[in-house]
Amino acid sequence: MIFAYGFMKRKIFSVFYTVSLILVCLGKIPLFFSSLFSMESPQMFPESNPSLGPALSAPQLLSSIRSPKRLSLPQTDSTLEQWDLEKAVQRALDANPDVTAARKAIEEQQGVKMEFKAKLYPRGGLVYNFQREQSSLLMFLPTVPVYPLTRTSWFGAIQVRQTLLNLSAVKEARQQKELLERAIWSSMDVALKTVAKTKQAFYLTLYRSEVVRIREELLEVSRLIMQSSRRLAESGEIPNYQALTAESEYRTAQADLFQARSQMIQAQEQLRMLLNLPSTSEKEPLPLKGELELLSFDVPFEEALKIALEKRTDLNAARYALRAADASVAAAKASYYPNVDLLLQYETINDIYVLYPKFGWTAGAQGQWGLFNIMENEGKIRQKQAQKNIAEIRLQQLQMDIPAQLRQYYAQFKKAKEAVASQELSVKAAEQGLNQAVNLFKSGETGWVQAVTARQALLKARLGFLEALYNYNTALADLEYAVGGQFPPGYHAPPSP
């Protein structure tokens with residue numbers, strides 16, 4: 001049902017029209033339910049909310065999401081500088097393609113929100129219609145003796161509309177607001193995942209580089225043992241099979257070195273891709289600054305679980321997705337209500353029945369109420385309700401998965417911590433054995449081969465310790481993401497000597 005009311009009063013409505021235009025320009029015309037949506041720019045990050053948990057406060061991550069460096073094609077030359085962990089993480093937040101795409105998704109959702117909110121604010125434009133009648137049509141038109149017929153007609157107007165009642169538009173604007181918050185949390189989730197991957201790739205590159213160094217030393221030790229065993233076997237001091245065993249160990253050490261170098265290159269390229277660094281040559285180094293160290297961590301599982309249930313980025317994104325789905329259901333139900341607009345226009349009319357053009361003002365209200373689209377509305381409501389149920393299921397599943405995932409990460413972390421302690425004892429025992437072998441060699445109580453063999457055992461123990469240390473730091477990076485990057489400050493500081 002469409003209803004409209006209009007009248008022609010030039011002198012009366014000229015004042016009303018002038019005042020209305022001034023109010024439109026100043027943005028002071030009140031809106032229906034305008035208190036639900038302010039004109040302020042949307043907050044990039046929500047404030048504390050008991051149901052959603054406090055807002056994230058990690059300065060590095062938030063600064064990168066809010067004020068990113070616009071790097072469409074980063075031109076950093078990785079061969080001219082050394083990368084420490086902090087610098088690598090910041091580079092990943094600024095230039096990683098996944099983070100950049102997530103940031104653009106926020107901008108896209110901001111535009112969609114503005115598009116829907118615009119329906120609640122004044123809008124206007126020019127309306128013009130021109131028509132020329134053919135002579136054959138004039139023969140069959142009824143004539144008026146007073147006014148001669150004209151062959152042309154037109155209609156022009158300057159029109160301003162203001163929404164007075166549109167519940168569906170209000171609910172849709174609320175839905176877009178929740179979707180914007182979901183996009184922000186999803187972007188932060190991508191950023192935290194990228195941070196965890198960057199840390200793990202950085203640790204892996206350091207580990208592979210140190211493994212190559214130790215493998216090179218092991219190869220040299222194995223070569224010396226092989227040469228010494230050959231001389232002793234030729235002189236008959238030891239059986240020949242011992243020389244063959246030493247040669248086999250040398251060949252094995254050589255193959256291990258080749259494999260270690262290949263793995264180091266793979267780790268470097270993985271880190272290079274995460275940092276989105278250009279590469280122009282086949283063998284381009286990626287120098288890193290720092291070394292693997294044991295990071296302290298002593299946060300109870302209960303405290304970590306509490307933090308995760310409040311601040312996990314994917315969990316908060318799922319919460320806002322549910323709120324957006326609820327708003328979409330409300331918007332679908334609002335389609336049963338009428339829509340009313342205020343209309344004000346200045347128009348000029350000339351048609352075939354009018355001798356002189358007429359000018360005037362038209363003001364009134366125009367409404368629309370769909371009375372025969374019940375099936376269409378019910379279909380929309382069922383569709384949106386099903387989407388809301390899906391969002392509820394995903395949120396509930398995530399709330400159940402987070403504790404299980406956190407327990408799994410804690411188990412891996414404890415296992416890695418025990419392995420570090422065990423390998424540390426192994427290194428200490430190997431160091432003591434090497435010291436004793438060197439002292440015995442200096443005193444002439446043992447041979448040179450035994451001292452070199454003790455050195456070989458120490459290098460192998462250090463390989464095991466480095467692997468355990470890498471697994472420990474990797475598990476810690478997983479734990480940091482599992483709680484939304486919100487561990488208490490200072491948890492990752494190296495232990496004091």
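The values are calculated or read from the model by the stated rules, or taken from the named source; none is laboratory data. A quick note: this is a predicted structure, and the numbers were derived from the prediction, not measured. Cβ: placed from backbone, ideal geometry, glycine included. Neighbour counts: every protein chain shown.
Restrict the check to the stretch 354-361 and report whether at least one residue is of a type in the set (Lys, Arg) and without any contact (Cβ under 8 Å) to a residue 12 or more places away in the chain. Outline the logic, then answer.
Initially, the stretch 354-361 is screened for residues of a type in the set (Lys, Arg), giving 358.
Checking which are without any contact (Cβ under 8 Å) to a residue 12 or more places away in the chain leaves us with 358.
Scanning the stretch 354-361, I find at least one residue that is of a type in the set (Lys, Arg) and without any contact (Cβ under 8 Å) to a residue 12 or more places away in the chain, so the answer is yes.
Taking the stretch 233-246 as the search range and keeping residues that are part of a helix (DSSP H, G or I) and surrounded by fewer than 17 Cβ atoms within 10 Å (Cβ to Cβ), which one is farthest from the chain's Cα centre (by Cα)?
So the residue we want is Glu234.
Tell me, please, whether a residue that is out of contact with any Leu (no Cβ under 7 Å at 6 or more places or on another chain), part of a strand (DSSP E or B) and either aromatic (Phe, Trp, Tyr) or on the phi < 0 side of the Ramachandran plot (or both) can be found in the stretch 331-344.
Yes.
May I ask you to list the residues in the stretch 80-122 that are charged (D, E, K, R), within 14 Å of Val170 (Cα to Cα) and surrounded by 18 or more Cβ atoms within 10 Å (Cβ to Cβ)?
Lys113, Lys117
I want to confirm something. Restricting to the stretch 357-395 and keeping residues that are in a helix (DSSP H, G or I) and among the hydrophobic types (A, V, I, L, M, F, W, C), which single residue is nearest to Lys171 (Cα to Cα)? Working first, answer last.
First, the residues of the stretch 357-395 that are in a helix (DSSP H, G or I): 374-395.
Subsequent filtering for residues that are among the hydrophobic types (A, V, I, L, M, F, W, C) retains 374-375, 381, 386, 390-391, 393, 395.
On the way: Ile374: 19, Met375: 20, Ile381: 13, Ala386: 18, Ile390: 20, Ala391: 18, Ile393: 23, Leu395: 22 Å.
The selected residue is Ile381.
So that you can scan it fast, the table gives a plain yes or no per residue for (1) at pLDDT 95 or above; (2) exposed (fewer than 12 other Cβ atoms within 10 Å of the Cβ); (3) out of contact with any strand residue (DSSP E or B) (no Cβ under 6 Å at 6 or more places or on another chain); (4) over 30 Å from Ala324 (Cβ atoms):
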| site | (1), (2), (3), (4) |
| --- | --- |
| Gln385 | no, no, yes, no |
| Tyr410 | no, no, yes, yes |
| Asn439 | no, no, yes, yes |
| Lys442 | no, yes, yes, yes |
| Thr453 | no, no, yes, yes |
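Which of the residues belonging to the stretch 432-461 are among the β-branched types (Val, Ile, Thr) and in contact (Cβ under 8 Å) with a residue 12 or more places away in the chain? Talk me through it step by step, then tell me what you get.
Taking the stretch 432-461 as the starting set, the residues that turn out to be among the β-branched types (Val, Ile, Thr) are 438, 446, 449, 452-453.
Answer for the stretch 432-461, where residues must be among the β-branched types (Val, Ile, Thr) and in contact (Cβ under 8 Å) with a residue 12 or more places away in the chain: Val438, Val449, Val452, Thr453.
For Leu219, state whether it is farther than 24 Å from Leu463 by Cα and in a helix (DSSP H, G or I).
For Leu219, the condition - farther than 24 Å from Leu463 by Cα and in a helix (DSSP H, G or I) - is not met.
Is it fair to say Ser281 is more than 30 Å from Arg407 (Cβ to Cβ), modelled with pLDDT of 90 or more and surrounded by fewer than 14 Cβ atoms within 10 Å (Cβ to Cβ)?
Criteria not met by Ser281.
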